[in-house]
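Here the structure comes first, spelled out in structure tokens, and everything after it is commentary.
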Amino acid sequence: MSSSLLLLLLSLNISLVLLAYAAHETAPKGVDPENPVLDVTPSPLYGKLSGLGSKDILYCERVRVSGHSRLKLQSYANSFRVTLSPSLVIPERLHGRIQICFHRNASLNLCHCGMDEWKTVQKGLWNSVLSLFDERYLDVKFIGEIHGSVTVAMAEDIKGPT
């Protein structure tokens, strides 16, 4: 084997390892029926987003929210209730600076939802409904200096006969 071919194969192997590592590091954390609760601490997001002043500090994180696989049809739930609650270390006066965008676009850059798509935590809680077999993404944005985490949880929303 020539040294140039060996060098090429070695470079290709290193590239594949680095690519696999980068894909693993950028995959969003997630909740699903088997892992229904996740504590999330948003990380600083560098660069400017439209609508924010240059003095604003922005922290952001993405959580993948997945329902059941269509292969698992044993569930009797009609949907899932997805909730987000700030940790107790975040004062209630700062809850209005925690914003949530619940979307389906996996290719959307982190925290780049449209201005009208962001919802604010109200009275210490945000919640929404997820279809039984759906997959969505929850972008969590802290505006300003907020230290702490949020808890994202999902539970089956079983409706009895009416």
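The values are calculated or read from the model by the stated rules, or taken from the named source; none is laboratory data. What you see is a predicted model, and the numbers here were worked out from it, not measured in a lab. Cβ atoms come from the backbone with ideal geometry, glycine included; neighbour counts cover every protein chain shown. Note: areas computed on protein heavy atoms with side chains; ligands, DNA, RNA excluded. Shrake-Rupley method; radii C 1.70, N 1.55, O 1.52, S 1.80 Å.
The residue pairs whose first member lies in segment 77-91 and is outside any strand (DSSP E or B), whose second member is modelled with pLDDT under 95 and open to solvent by 50 Å² or more (accessible area, probe 1.4 Å), and whose beta carbons are closer than 6 Å, counting only pairs six or more residues apart or on different chains, are Ala77/Glu156; Ala77/Ile158; Asn78/Lys159.
Among residues of segment 106-117 that are on the phi < 0 side of the Ramachandran plot, those with a beta-carbon under 6 Å from a residue that is part of a loop (DSSP other than H, G, I, E, B) and open to solvent by 60 Å² or more (accessible area, probe 1.4 Å) at least six positions away or on a different chain give the pairs Met115/Gly51. Screening Ala20 on (1) touching a Phe, Trp or Tyr at 6+ places or on another chain (Cβ under 9 Å); (2) at pLDDT below 95 shows it passes everything except condition (1).
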